[in-house]
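Novice: One structure, pasted below without further comment.
The values are calculated or read from the model by the stated rules, or taken from the named source; none is laboratory data. These figures come from a predicted structure and were not determined experimentally. Ideal geometry is used to build each Cβ from the backbone, glycine not excepted, and the neighbour counts take in all protein chains shown. Please note that ligands, DNA and RNA were not included when accessible areas were found on the heavy atoms of the full protein model with its side chains. Shrake-Rupley method; radii C 1.70, N 1.55, O 1.52, S 1.80 Å.
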Amino acid sequence: MPHLAAVGPSDGLVRAGEERLAGEESARGAVRSERRKEILRQRREELGLSQEDLASRLRISVRAYGNWERGLVKEWTDRKLLALAEALEMSERQCFWLFRVMVDRDPPPTWRAAEDNRLPQDPAQRDYLCDYAALMEAVPYPSFLVDHRWDVALTNSAFDRLFQSVRPHPTALPDDNFLRFVLFHPDAAAVLEDHEPAWCVPLLAQFATALGAAPDDEGLRSIRQEVARDPFMEAAYRYGVPHWLSAHGERAAEQDGAVRTVRHPDPGRGVVRCRMVAESSRMLEGMGLTRITLVLSAPQGLPTGPVRGTTGFPQQQGARLRAVPSPVD
């Protein structure tokens, strides 16, 4: 009912408004609470850890950690959240997301992720990867190293530029786990063109093969559980993948040589052709790693025509065997 502004609404209307706002706030709080629980559980399962494992890392009782994961915490202090970020091996972006969801503020500026968690313990392997990172950085195409779970060990700057617009996510960042990014990140379709048929289904087929080869792998089982919780992905996994394989053949699911499309980080380039090149070496195989390079339709930052000696790179006359002398003019 209308009322005079000078008089104001009736007490009943005020109470009704307060109750409505309280109900909306309660609903938002319930959604936020569920999101908090989901972040901790998903990240723990992604790492293949039990609640007992995480409690041991945090040096608290299993019951105490169980309360944390159920949201039964009186106050999320910086100390608790930073301890969680370390125990859950979170990157800086994941830690930022954790703080934002839990307490709606940024983490302390002095915190840095422990990147050494991704490096092998063997000194020779660590040294090799450091040099291999320099090699990858010299490549103008997006390139990254993944293991059998699609956990990402190394990326180059071109890879980071390709996915620079992707928003933080607790478990599905492209430089943390590429499979989870493709399947579960809401921004994946904004970068990967023809996202569902060209990216999701082939990767689900590869995932099914990997899970069949290692059914007890905790990381792969965690991904399978997350697929099962998503009705669309579960239908694609159970029915879409077999149909797709019968239509295209088993080799269509292979990474090496697959041609797909991506949205170039330069808005002026738009959608470009992308060939996936998967390769390894004896040292990488020993670490269970494969290098995947996304060869775009032209090198990022380089001219599309023939090299004429003006780009700062050595001029080349075409590939040849060094053991065979060049023809004399």
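Novice: Which residues, counting only those in the stretch 49-80, are touching a residue at least 12 places away in the same chain (Cβ under 8 Å), open to solvent by 60 Å² or more (accessible area, probe 1.4 Å) and not in a helix (DSSP H, G or I)?
Specialist: Scanning the stretch 49-80 gives a single hit, R70.
Novice: For the stretch 223-245, what are the residues that are touching a residue at least 24 places away in the same chain (Cβ under 8 Å) and in a helix (DSSP H, G or I)?
Specialist: I223, Q225, E226, V227, M233, A236, Y237, G240, V241, W244, L245
Novice: Another question, if that's okay. Of the numbered conditions (1) modelled with pLDDT of 80 or more; (2) under 23 Å from A55 (Cα atoms), Y128 fails exactly one; give the number of that condition.
Specialist: Answer for Y128: the failing condition is (2).
Novice: Considering A213, A228, A278, A236, which residue is over 18 Å from the mean Cα position of the chain (by Cα) and surrounded by 19 or more Cβ atoms within 10 Å (Cβ to Cβ)?
Specialist: A236
Novice: Further, regarding this structure: Counting only residues that are in contact with a helix residue (DSSP H, G or I) (Cβ under 9 Å, 6 or more places away or on another chain) and open to solvent by 10 Å² or more (accessible area, probe 1.4 Å), which one in the stretch 154-163 is farthest from E46 (Cα to Cα)?
Specialist: S157
Novice: Is it the case that the stretch 224-247 has a residue that's assigned by the TED database to the domain that holds F178, in contact with a strand residue (DSSP E or B) (Cβ under 9 Å, 6 or more places away or on another chain) and not acidic (D, E)?
Specialist: Within the stretch 224-247, none of the residues are assigned by the TED database to the domain that holds F178, in contact with a strand residue (DSSP E or B) (Cβ under 9 Å, 6 or more places away or on another chain) and not acidic (D, E).
Novice: Which residue out of V166, V201 is among the β-branched types (V, I, T), touching a helix residue (DSSP H, G or I) at 6+ places or on another chain (Cβ under 6 Å) and open to solvent by less than 40 Å² (accessible area, probe 1.4 Å)?
Specialist: Step by step, each of V166, V201 is checked, and only V201 is among the β-branched types (V, I, T), touching a helix residue (DSSP H, G or I) at 6+ places or on another chain (Cβ under 6 Å) and open to solvent by less than 40 Å² (accessible area, probe 1.4 Å).
Novice: Another question, if that's okay. Looking only at the stretch 184-198, count how many residues are open to solvent by 10 Å² or more (accessible area, probe 1.4 Å) and of a type in the set (A, V, I, L, M, F, W, C).
Specialist: Residues meeting the conditions: 4.
Novice: Okay, next question. Limited to the stretch 281-299, what total is found for residues that are surrounded by fewer than 14 Cβ atoms within 10 Å (Cβ to Cβ) and either of a type in the set (S, T, Y) or in a strand (DSSP E or B) (or both)?
Specialist: 1
Novice: Looking only at the stretch 127-137, decide whether some residue is among the aromatic types (F, W, Y) and over 21 Å from T261 (Cβ atoms).
Specialist: Checked the stretch 127-137: at least one residue is among the aromatic types (F, W, Y) and over 21 Å from T261 (Cβ atoms).
Novice: On to the next question. Tell me which residues, restricted to the stretch 246-271, are assigned to a helix (DSSP H, G or I) and open to solvent by less than 40 Å² (accessible area, probe 1.4 Å).
Specialist: Passing the criteria: A252, A253.
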